[in-house]
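The values are calculated or read from the model by the stated rules, or taken from the named source; none is laboratory data. Please read all numbers here as calculations on a predicted model, not as lab measurements. Cβ placement follows ideal geometry from the backbone for every residue including glycine, while neighbour counts extend to all protein chains displayed.
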Amino acid sequence: MLDSISSLFHTTTDNDTAIAQRLTAQGIPLSARQVKDARLLQGWRRRNNKEERQQLQRQSTADMIADRLAEGTARNYGRNYIITALRVNGHRARRDNVAAELQW
């Protein structure tokens, strides 16, 4: 079962529902939730590859860094420290976005 999920996940762009439907059609009855659970247990996640979402994430990171710099809490932080500080506050910043924002 896990091999079938892996194969479809890594060779298609199907979501969990589509993967479950394909496997059910092949005689392996699974729900989308079971596919998701198996996928997440293995650490398989889709990359954020939609331009709109990437732009929103870039802007959100830029806003949070600007807020930290304006209040003075991140003035002397390096890139890794800012990434950690943002994550502690619930924001998962991408390393490239932080690096781009910190270039003066």
Query raised in the report: So Gln103 clears everything in (1) within 30 Å of Met1 (Cβ to Cβ); (2) over 15 Å from the mean Cα position of the chain (by Cα) except one condition, right? Which one?
Result: (1)
Report task. Output the qualifying pairs, or none if there are none: Cβ atoms under 7 angstrom, residues six or more apart or on different chains, first residue in the stretch 79-93 and in the same structural domain as Ala62 (by TED's automatic domain parsing), second residue exposed (fewer than 11 other Cβ atoms within 10 Å of the Cβ). Result -> Ile83/Arg95
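How many of the residues in the stretch 94-103 are of a type in the set (Lys, Arg) and surrounded by 14 or more Cβ atoms within 10 Å (Cβ to Cβ)?
Count: 1.
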Requested in this report: Return a yes/no flag: does the stretch 34-55 have any residue that is within 30 Å of Ser7 (Cβ to Cβ), at pLDDT below 90 and small (Gly, Ala, Ser).
Outcome: yes
